[in-house]
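The values are calculated or read from the model by the stated rules, or taken from the named source; none is laboratory data. All of these numbers come straight from a predicted model, not from anything done at the bench. Glycine also receives a Cβ, built like all others from the backbone with ideal geometry; neighbour counts cover every protein chain displayed. Surface areas here come from the heavy atoms of the whole protein model, side chains and all, with no ligands, DNA or RNA. Shrake-Rupley method; radii C 1.70, N 1.55, O 1.52, S 1.80 Å.
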Amino acid sequence: MQSEESKNQAEEGFGLCGYILIGLSYIIVIFTFPLSLLFCIKIVKEYERAVILRLGRILSGGAKGPGLFFILPCIDQIVTTDLRTITFDVPPQEILTKDSLSITVDAVCYFRIFDPVVSVTNVENAQVSTRLLAATTLRNILGTRTLQEILQDKEIIAQNMQETLDSITDSWGIKVERVEVKDVRLPAQMQRAMATEAESSREARAKVIAAEGEQKASIALKQAADTINQSPVALQLRYLQTLTNISAEKNSTIIFPIPIEMLNSFSKKSA
């Protein structure tokens, strides 16, 4: 809307004094030709656009370029804008999270100028303003989140930042294309506390797994004992298998276990 108002103001005319100054400027160009061409002809690259202010007013037709165009000396002022995507790092921000933890967060922002006229007329310095707004938005959004949410929902936070920035910078002629949260740095004391908590959790899980293994092993041993108890020959076969395993290892000492039943029989005879 404001760019249209600027065009309408340009179409209203420059007034009597303005037209006199424009006429004098043309006379200067004619009398200093061809030397004046060095100052009157400008070149704009493919990725640039030029906004021309004549006597402080934007010329009709909006931004010029790419290519060659003609300006009048003394009364025309040219402002060149870059239409390429610009990338900048948001400086590390000290943020107090919702759960009262102090962290340092930095991000990266991608934006481009889609309306050169609006970016020149509506904001003094579009790039600096976008940088400051990105830093402020990062603090405001992360300040409403807990540490766990920040660590887990980086993509959602980045999308919220992009939407917030884009809605504000739209009136500046700027399109925020993407925002990414790069790094979340915790204080050293907090890192040690989290490492201790994670180690304790791992130890607790390891103890639970070991206890479950002992339980399963005891059940298996009980089933094996019941099976051997039903068939005494199975015990002898297991005894011979154990001897075979010991002899295969080439040990010099072999232990022969004596069944308790044999000792009981000897004790009964002695009695």
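Quick notes on this one:
- For region 31-114, the solvent-accessible area with a 1.4 angstrom probe is 55 square angstrom per residue.
- Packing-based ranking of 173-185, 200-212 yields 173-185, 200-212, ordered from highest to lowest mean Cβ neighbour count within 10 Å.
- Efficiency of FRET between ARG192 and THR87 - r from beta-carbon atoms, R0 30 angstrom, step 0.05: 0.30
- Portion, in percent, of the accessible area of region 34-178 that falls on carbon or sulfur, probe 1.4 Å: 51 percent
- 3J(HN,Hα) from dihedral phi, region 224-229, Karplus parametrisation 6.51/-1.76/1.60, rounded to Hz, x for glycine, proline: 5, 5, 5, 5, 5, 5
- Those GluC sites (Glu not before Pro) in region 119-162 that DSSP places in a loop and that have at most 10 other beta carbons within 10 Å: GLU124
- Kirkwood hydrodynamic radius (C-alpha pairs) into Stokes-Einstein, region 146-246, 25 °C and 0.890 mPa s, D in µm²/s: 121 µm²/s
- Within region 36-122, the GluC sites (Glu not before Pro) that combine a DSSP coil assignment with at most 15 other C-beta atoms in a 10 angstrom radius are GLU46.
- Derived scalar couplings ³J(HN,Hα) [region 61-73; Karplus, 6.51 cos²θ - 1.76 cosθ + 1.60; whole Hz; x for Gly, Pro]: x, x, 6, 9, x, x, x, 8, 8, 10, 10, 9, x
- For PHE88, distant residues with modelled amide H under 5 Å away: CYS109
- Built from the Cα atoms of region 26-140, the convex hull projects on average onto 9.0 nm², one quarter of its surface area.
- Backbone phi angles across region 94-105, fed through the Karplus curve with coefficients 6.51, -1.76 and 1.60 (θ = phi - 60°), yield HN-Hα couplings of 7, 10, 9, 6, 5, 8, 6, 10, 8, 9, 10, 10 Hz in residue order; Gly and Pro are listed as x.
- Stretched out straight at 0.36 nm per residue, the stretch from ALA225 to LEU132 would grow longer than its current Cα-Cα span by 25.9 nm.
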